[in-house]
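K.L.:
Quick one: the structure is below, questions incoming.
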2 protein chains.
Amino acid sequence: MKLEDLILVSIDDHAIEPPNAFARHMPAKFKGREPHIESRGGRDVWVFEGRATGYMGLNSVVGRPKEEYGMEPLGYEHMRRGTWDIQARVDDMNANGVLGSICFPTFPGFAGQRFQTHPDREVALAAIQAYNDWHLHDWCNAAPGRFIPLAIVPWWDPVAAAAEINRMAKLGVHAITFSDNPALHGFPSIHDPYWDPMWKACADNSVVINCHIGTGAKADHASDLSPIDAWITSMPISIANSAADWIWAPMWKKYPNLKMALSEGGIGWIPYLLERADFTHLHHKAWTNADFGGLKPSEVFKKHIITCFIEDDFGLQNLKHIGEDMVGWECDYPHSDCTWPNSPEVVWESFKHLSDETINKVTHLNVMREFNYNPLQLLGRENCTVGALRAQAKAKGVNTAPALGMGGAAPKRETGKPVTSGDINAMFKQADAETAL
Amino acid sequence: MKLEDLILVSIDDHAIEPPNAFARHMPAKFKGREPHIESRGGRDVWVFEGRATGYMGLNSVVGRPKEEYGMEPLGYEHMRRGTWDIQARVDDMNANGVLGSICFPTFPGFAGQRFQTHPDREVALAAIQAYNDWHLHDWCNAAPGRFIPLAIVPWWDPVAAAAEINRMAKLGVHAITFSDNPALHGFPSIHDPYWDPMWKACADNSVVINCHIGTGAKADHASDLSPIDAWITSMPISIANSAADWIWAPMWKKYPNLKMALSEGGIGWIPYLLERADFTHLHHKAWTNADFGGLKPSEVFKKHIITCFIEDDFGLQNLKHIGEDMVGWECDYPHSDCTWPNSPEVVWESFKHLSDETINKVTHLNVMREFNYNPLQLLGRENCTVGALRAQAKAKGVNTAPALGMGGAAPKRETGKPVTSGDINAMFKQADAETAL
């Protein structure tokens with residue numbers, strides 16, 4: 001295989017919702033109450049039910065030079081067009097040789113957290129449905145075969161969540177976004193039968209539960225004086241606590257075909273966690289009553305839990321300990337860990353020791369199977385490769401050169417001093433204060 | 001090499017302080033104010049300056065059958081004698097073939113946290129020094145060559161901490177216990193120059209900073225309904241956030257010979273973290289001002305940070321990514337993850353693919369070098385092996401059979417239902433309530 005022959009499907013990217021996303025799909029009854037953009041102190045700010053967002057771009061720095069990765073866009077004009085414009089997004093995917101993409105929500109929170117706590121639940125559900133309709137019809141379906149749609153569900157009513165899953169599944173949606181630990185948001189634990197109607201709807205419709213890092217357990221800023229690099233380093237692995245929690249959760253026995261994904265969690269630490277889980281089971285089950293029906297915890301994980309990587313040489317060297325059938329690739333466009341527009345070159349370096357069969361599994365075949373996604377049939381396999389997609393971008397003249405001075409807020413920076421967690425948090429806190437109603 | 005030829009030095013065990021530990025060493029001025037044991041509602045309880053402990057054994061379940069690992073000893077009579085009696089401890093080490101041991105404090109907290117927040121700092125410092133004197137003279141020195149002494153330091157005054165380090169170093173102490181993140185206890189961050197006098201004293205005296213899991217960042221209980229197995233699984237890796245924080249900390253440049261240890265952190269996830277740290281540095285340094293003087297973050301880690309394992313096949317298969325010169329073994333006696341009295345058999349299984357040279361490094365040579373510890377010279381190498389030590393235990397008739405019905409508090413257990421985080425936390429909360437003054 002050559003680099004140009006790769007077929008890349010990313011299971012973790014992000015869309016910035018354009019200003020009209022909700023207005024186009026909110027039911028007439030709630031006209032005027034949909035989430036909308038207001039201009040406030042030079043910022044574009046999402047406002048819903050009297051609550052405003054601080055930053056609406058959330059580290060959407062793709063296309064900037066690395067020197068500007070710490071800046072926060074204040075509005076649409078500070079972001080590369082591909083972050084919010086679907087045609088420009090497809091151009092950017094082509095330029096990076098990326099065939100398919102799962103896009104998490106931004107303003108609603110990666111798991112739609114922002115909609116879960118509004119006192120008026122009728123309008124909150126309407127906003128969730130408007131989001132789902134925009135995401136499916138205006139974003140994903142604008143480029144058939146290029147996206148795996150991902151729905152938000154209401155957490156306060158698992159029967160309503162099941163209904164929304166059923167509604168979206170009829171439209172071809174096989175993925176929802178969910179918190180890796182809803183208990184941290186004040187909702188019942190994943191071990192509570194409360195969620196059964198939702199798990200069942202997912203299992204019945206072959207819908208994968210996607211849990212993005214930061215939607216429950218969070219990477220802690222170790223201290224205000226800690227260099228921000230330390231926090232960035234520990235971000236993906238911070239989902240390990242939740243990963244362990246899902247291994248011991250009860251839905252796998254009840255719904256044997258149910259699947260979930262640890263989005264942006266990385267893979268290199270998984271073999272350690274699985275060995276530790278098996279050790280724990282062997283060493284402690286005599287008093288904990290743990291019962292996997294004769295299986296090992298690692299076997300449960302490998303059957304039900306999808307993991308993914310941006311750049312993870314060590315993980316890819318140890319796929320036999322993870323299970324090469326449940327690993328996928330992610331691009332993380334448009335966030336700062338993203339390797340756009342050189343993702344194929346970056347992953348190719350990690351693939352050198354892998355067989356073509358394994359490469360195809362982790363780049364697209366696993367995801368196609370688990371997410372009921374078949375772009376090859378629709379578009380023709382020969383049109384889906386890195387080489388073919390980049391040729392399209394070249395023919396269209398997509399410009400991928402870093403753009404200087406895109407603008408935005410910047411953390412405090414002093415020569416020779418590290419940018420700290422305190423500096424970054426202060427930047428976000430100020431935005432919250434300035435945009436508060 | 002045969003199993004009997006192993007020489008095992010553990011860098012993470014725990015002592016339960018016997019009732020007279022402090023009384024014997026508290027200065028006359030504070031006579032009567034030393035930490036002491038009171039009998040309260042059938043419990044042995046440590047009391048210091050009006051504050052009582054809930055449980056004084058903290059999961060000291062060695063010697064019980066696994067069915068009783070979840071129980072909490074209520075007093076000395078509920079614990080195997082080796083937990084608090086130094087001669088019995090040495091017998092238990094012999095029975096397990098363990099030559100050397102670093103013992104963390106129990107009642108004071110693994111890092112001496114309990115002494116750091118008393119309003120009367122003079123008496124708190126006296127208690128710390130009494131602990132250190134007990135630990136060195138009565139515990140470690142009772143069996144020459146068998147222990148690596150570990151001192152507690154005062155956090156509220158790094159100059160006093162340096163003085164205590166200097167005092168203990170003169171007595172041959174080359175290790176202190178410290179929090180992996182003192183900022184989480186309200187003290188300055190490890191990035192604050194506040195700590196410089198302490199780092200300097202450690203560097204000047206070749207003293208290793210030992211940070212045990214749970215002394216700063218903690219494994220979170222994901223939810224009350226989460227099976228306790230999930231929490232046990234994620235305990236060691238919970239130090240990953242702090243590990244990243246120490247990589248980017250400033251003391252390594254200032255004190256190039258300074259070393260620290262991530263105690264009970266495991267090793268299998270380290271290669272992932274180091275690759276992630278290097279990726280972060282390469283990808284983000286342009287805006288974060290991070291500066292390792294041309295080194296990679298992984299190189300800084302490998303030079304300064306000692307890691308250890310109880311049972312970690314995957315980590316031992318990947319030593320080349322961790323650095324085989326900075327890895328040590330741990331027994332974790334008397335806690336429930338401990339593999340006593342079969343530790344040699346357990347680690348031997350993990351060592352099959354390693355050279356004798358590497359086995360000797362990770363079992364004792366690395367630790368002897370880093371901790372200025374030379375038992376082989378003192379005791380004669382031939383007397384230090386698993387075979388020789390077990391022969392001593394056999395000659396003395398040390399009984400290692402699991403003892404049933406040792407007694408203690410038990411979490412709620414119902415047939416067929418998992419023991420949860422909520423059950424365990426309720427057991428501890430009740431003890432705190434019942435022993436409060």
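The values are calculated or read from the model by the stated rules, or taken from the named source; none is laboratory data. Not measured: the values here are computed from a predicted model. Neighbour counts are summed over all protein chains in view; Cβ atoms, including those assigned to glycine, are modelled from backbone coordinates with ideal geometry. All accessible areas refer to the heavy atoms of the entire protein, side chains included, with ligands and DNA or RNA removed. Shrake-Rupley method; radii C 1.70, N 1.55, O 1.52, S 1.80 Å.
K.L.:
Straight-line reach from B:Lys412: which lysines have Cα under 17 Å away, leaving out those fewer than 8 places along the same chain?
P.N.:
Hits, sequence-local ones excluded: A:Lys285, B:Lys66, B:Lys429.
K.L.:
Oh, and also: Identify the trypsin sites (Lys or Arg not before Pro) of segment A:317-391 meeting these criteria: DSSP loop state and at most 12 other C-beta atoms within 10 Å of the C-beta.
P.N.:
Here the trypsin sites (Lys or Arg not before Pro) that fit, given the DSSP loop and packing criteria, are A:Lys352.
K.L.:
Could you do me a favour and compute the accessible area per residue for segment B:67-218, 1.4 Å probe, result in Å²?
P.N.:
Computed with neighbouring chains in place, this is 27 Å² per residue.
K.L.:
Now for a different question. What percent antiparallel are the DSSP beta bridges of chain B, to the nearest 5?
P.N.:
Approximately 30 percent, going by the DSSP bridge assignments.
K.L.:
What residue among B:Lys259, B:Lys417, B:Lys394 shows peak mean-square fluctuation when chain B is described by a Gaussian network model with Cα springs under 10 Å?
P.N.:
Sorting by GNM fluctuation, first place goes to B:Lys417.
K.L.:
From the label point of A:Asn374, set 7 Å from Cα along Cα→Cβ, how far away are the matching label points in the other copies, in nm, ordered shortest to longest?
P.N.:
When each copy's label point is compared with this one, the spacings are 7.3 nm.
K.L.:
Next question. Which one of A:Asn318, A:Gly75, A:Pro418 is farthest out on the positive end of the charge dipole of the protein assembly as shown, using unit charges on Cβ (Lys, Arg +1; Asp, Glu -1) and the Cα centre as origin?
P.N.:
In the protein assembly as shown, that residue is A:Gly75.
K.L.:
If you add up the charges near A:Leu365, with Lys and Arg at +1 and Asp and Glu at -1, over every other residue whose beta carbon is less than 13 angstrom from its beta carbon, what do you get?
P.N.:
-2
K.L.:
Then there's this: Report the net charge of residues surrounding A:Val419, where surrounding means a beta-carbon distance below 11 angstrom and charges are Lys +1, Arg +1, Asp -1, Glu -1.
P.N.:
+1
K.L.:
Using modelled backbone amide H atoms (1.01 Å from N, in-plane), which distant-in-sequence or interchain residues come within less than 5 Å of B:Ser263's amide H?
P.N.:
Placed amide hydrogens put B:Cys211, B:His212, B:Ile213 under 5 Å from B:Ser263.
K.L.:
Still on this structure, please answer the following. Among the listed pairs A:Lys302/B:Lys259; A:Lys352/B:Lys320; A:Lys200/B:Lys417, give every one whose C-alpha distance is greater than 28 Å.
P.N.:
Correct reply: A:Lys302/B:Lys259.
K.L.:
Using the 7 Å Cα-to-Cβ label point, sort the distances from B:Gly407 to its equivalents in the other copies shortest first and give them in nm to one decimal.
P.N.:
Once sorted, the set of distances for B:Gly407 reads 7.5 nm.
K.L.:
Considering only DSSP beta bridges with both partners in the protein assembly as shown, what is the antiparallel share in %, to the nearest 5?
P.N.:
30 percent
K.L.:
In nm to one decimal, list the spacings between the B:Asn166 label point and its equivalents in the other copies, with label points set 7 Å along Cα to Cβ, shortest first.
P.N.:
7.6
K.L.:
If you filter segment A:49-158 for chymotrypsin sites (Phe, Trp or Tyr not before Pro), then keep DSSP loop positions with at most 16 other Cβ within 10 Å, what is left?
P.N.:
A:Trp156
K.L.:
Sticking with this one: Please identify, among B:Glu264, B:Glu34, B:Glu299, the residue showing maximal mean-square fluctuation in a Gaussian network model of chain B using a 10 angstrom Cα cutoff.
P.N.:
Looking only at B:Glu264, B:Glu34, B:Glu299, the biggest GNM fluctuation is shown by B:Glu299.
K.L.:
Okay, next question. Kindly identify residues of segment A:293-322 having a loss of at least 40 Å² in accessible area between the isolated chain and the assembly of all protein chains, probe radius 1.4 Å.
P.N.:
The answer is A:Glu311, A:Phe314 - residues whose exposure falls by at least 40 Å² when every protein chain is included.
K.L.:
Could I ask something else about it? Please say if segment B:167-262 is rounded, prolate or oblate, where rounded means a/c under 1.5 for a ≥ b ≥ c the square roots of the C-alpha gyration tensor eigenvalues, and otherwise the choice is prolate for a/b larger than b/c and oblate otherwise?
P.N.:
prolate
K.L.:
Same structure again: Can you find, among A:Gly172, A:Met235, A:Gly214, the residue farthest towards the positive end of the dipole of segment A:164-246? Put +1 on the C-beta of Lys and Arg, -1 on that of Asp and Glu.
P.N.:
Going by the charge dipole, the pick is A:Gly172.
K.L.:
With +1 on the Cβ of every Lys and Arg and -1 on the Cβ of every Asp and Glu, and nothing else charged, how large is the dipole of segment B:162-211 about its Cα centre, in debye rounded to the nearest 20?
P.N.:
200 debye
K.L.:
Find the centroid of the Cα atoms in segment B:50-65 and in segment A:322-357, then give the distance between the two in whole Å.
P.N.:
Here the answer is 48 Å between Cα centres.
K.L.:
With a Förster radius of 60 Å, plug the Cβ-Cβ distance of A:Phe30 and A:Lys320 into 1/(1 + (r/R0)^6) and report the FRET value to the nearest 0.05.
P.N.:
0.70
K.L.:
Please identify, among A:Arg64, A:Arg51, A:Arg89, the residue showing maximal mean-square fluctuation in a Gaussian network model of chain A using a 10 angstrom Cα cutoff.
P.N.:
Answer for the Gaussian network model of chain A: A:Arg51.
K.L.:
Based on alpha-carbon centroids, what's the gap between segment B:77-91 and segment A:172-224 in Å, whole number please?
P.N.:
When both Cα centres are located, 46 Å separates them.
K.L.:
With the full set of protein chains in place, find how many percent of the accessible area of the protein assembly as shown is carbon and sulfur; take the probe as 1.4 Å.
P.N.:
53 percent
K.L.:
A:Ala261: net charge of surrounding residues, Cβ under 12 Å, Lys/Arg +1, Asp/Glu -1, itself excluded?
P.N.:
So the surrounding residues net to -4.
K.L.:
Follow-up. Taking the rotation that carries A onto B, look along its axis and tell me which residue of A has the beta carbon nearest to it, distance in whole angstrom.
P.N.:
Residue plus distance in Å, as requested: A:Trp269, 2.
K.L.:
Reported to two decimal places, what Rg/Rh ratio describes chain A when computed on Cα atoms with Rh from the Kirkwood expression?
P.N.:
Dividing the radius of gyration by the Kirkwood radius yields 0.95.
K.L.:
Sticking with this structure for a sec: Any idea which of B:Ser343, B:Val153, B:Ser298 is furthest toward the positive side of the dipole for chain B, if Lys and Arg beta-carbons carry +1 and Asp and Glu beta-carbons -1?
P.N.:
Working it through, the farthest residue towards the positive pole turns out to be B:Val153.
K.L.:
Further, regarding this structure: Ballpark to the nearest 100 Å², how much total accessible area do A and B bury together, probe 1.4 Å?
P.N.:
Summing both chains' loss of accessible area gives about 5900 Å².
K.L.:
So, with +1 on the Cβ of K and R and -1 on the Cβ of D and E, and no other charges, what is the size of the charge dipole of chain B about its Cα centre, to the nearest 20 debye?
P.N.:
It works out to roughly 660 debye.
K.L.:
7 Å from Cα along Cα→Cβ at both B:Ala395 and A:Ala410: what's the point-to-point distance in nm?
P.N.:
7.4 nm
K.L.:
If amide H atoms are built 1.01 Å from N in the plane of the peptide, which residues on other chains or at least 5 residues away come under 5 Å of the amide H of A:Asp44?
P.N.:
Under 5 Å from the amide H of A:Asp44: A:Gly75, A:Tyr76.
K.L.:
So what is the calculated 222 nm ellipticity per residue for chain B, using -39500 (n - 2.57) for each DSSP H run with n of 4 or more, over all residues, to the nearest 500 deg cm²/dmol?
P.N.:
Taking each H run of at least 4 residues, the total per residue is -9500 deg cm²/dmol.
K.L.:
What's the magnitude of the charge dipole for segment B:287-326 around its Cα centre, counting Lys and Arg as +1 and Asp and Glu as -1 at the beta-carbon? Answer in Debye, nearest 20.
P.N.:
It works out to roughly 220 debye.
K.L.:
Restricting to Cα pairs below 8 Å that are 6+ residues apart, what does the relative contact order work out to for chain B? Please round to a whole percent.
P.N.:
25 percent
K.L.:
For B:Lys396, which lysines qualify as cross-link partners when the Cα separation must be under 24 Å and same-chain residues fewer than eight apart are set aside?
P.N.:
B:Lys2
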